[in-house]
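These notes concern the structure reproduced below.
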């Protein structure tokens, strides 16, 4: 899998979005937008993660996001570029995301489902080359995870799954604040209602890390686009 280049912006570009539209513009400015239409993530038994039909599909979608975040923070800690408070925070984020993934796997198995396999992720070299790069990419990943859980809420049928999603969404919100604090945002957040993201919007954010889709240089995510193999 070829490395995808993501231009990680300065903290000023990662301004606090106040709506879904603003949030998606932030993703595009960070170079993380990608054409979402028609893109699917592979999973066992030939099913497609983009085809959300039930609570198991939602849980597997969430599991992929947790795998993504856990892998990024694991690589960030291992890269040796973090120190002080940043090292402590990112280590904590890593441990949280690993715990979330393990809990979701248990939940899926309790409901008789098959957990999705962990994909191979590719991160931009600059995001792991410095403490600033780690924090700036984290400040995009965390709102994406939070928005995914918020957006999934109305689709979830089982109260146990809904409770788990709500609990994790709350922790993801704490992660957003922790990372923005380290980046010097004062206050670290101003949103009364964080953006809820759809499946396609989340796919637009994470697809580049799986070698799906191109980086965007302008505007916002392009609906209905196609992706090119790398």
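The values are calculated or read from the model by the stated rules, or taken from the named source; none is laboratory data. Here the structure is a predicted model, which is why all the values come from computation and not from measurement. Don't worry about glycine lacking a Cβ; one is built from the backbone with ideal geometry, like all the others, and counts go over all protein chains shown.
Residues being surrounded by fewer than 16 Cβ atoms within 10 Å (Cβ to Cβ) and assigned to a loop (DSSP other than H, G, I, E, B): count how many of those fall in the range 49-78.
First pass over the range 49-78, keeping only residues surrounded by fewer than 16 Cβ atoms within 10 Å (Cβ to Cβ): 51, 53-54, 75, 78.
Next, from what is left, pick out any that are assigned to a loop (DSSP other than H, G, I, E, B): 51, 53-54.
Of the residues in that region, 3 qualify.
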The correct count of residues that are farther than 14 Å from residue 127 by Cα and over 18 Å from the mean Cα position of the chain (by Cα) in the range 52-85 is 7
Which of (1) in a loop (DSSP other than H, G, I, E, B); (2) in contact (Cβ under 8 Å) with a residue 12 or more places away in the chain is the odd one out, the single condition residue 164 does not satisfy? (1)
Residues located in the range 88-109, provided they are free of Cβ contacts under 8 Å to residues at least 40 places away in the same chain and in contact with a helix residue (DSSP H, G or I) (Cβ under 7 Å, 6 or more places away or on another chain): 91, 94, 97, 98, 101
Among (1) at pLDDT below 90; (2) touching a helix residue (DSSP H, G or I) at 6+ places or on another chain (Cβ under 6 Å); (3) assigned to a helix (DSSP H, G or I), which single condition is residue 194 missing? (3)
From the list 151, 170, pick out the single residue that is closer than 14 Å to residue 65 by Cβ, surrounded by fewer than 21 Cβ atoms within 10 Å (Cβ to Cβ), out of contact with any strand residue (DSSP E or B) (no Cβ under 7 Å at 6 or more places or on another chain) and modelled with pLDDT under 95. 151
Are there any pairs, at least 6 apart or on different chains, whose C-beta atoms fall under 6 Å, with the first in the range 110-134 and at negative phi and touching a residue at least 60 places away in the same chain (Cβ under 8 Å) and the second surrounded by fewer than 17 Cβ atoms within 10 Å (Cβ to Cβ) and not in a loop (DSSP other than H, G, I, E, B), and if so, which? 114/44; 133/126
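Against the condition surrounded by 14 or more Cβ atoms within 10 Å (Cβ to Cβ), modelled with pLDDT of 95 or more and not in a helix (DSSP H, G or I), how does residue 119 come out, does it pass?
Details: surrounded by 14 or more Cβ atoms within 10 Å (Cβ to Cβ): yes; modelled with pLDDT of 95 or more: no; not in a helix (DSSP H, G or I): yes.
No; evaluated as a whole, the condition is false for this residue.
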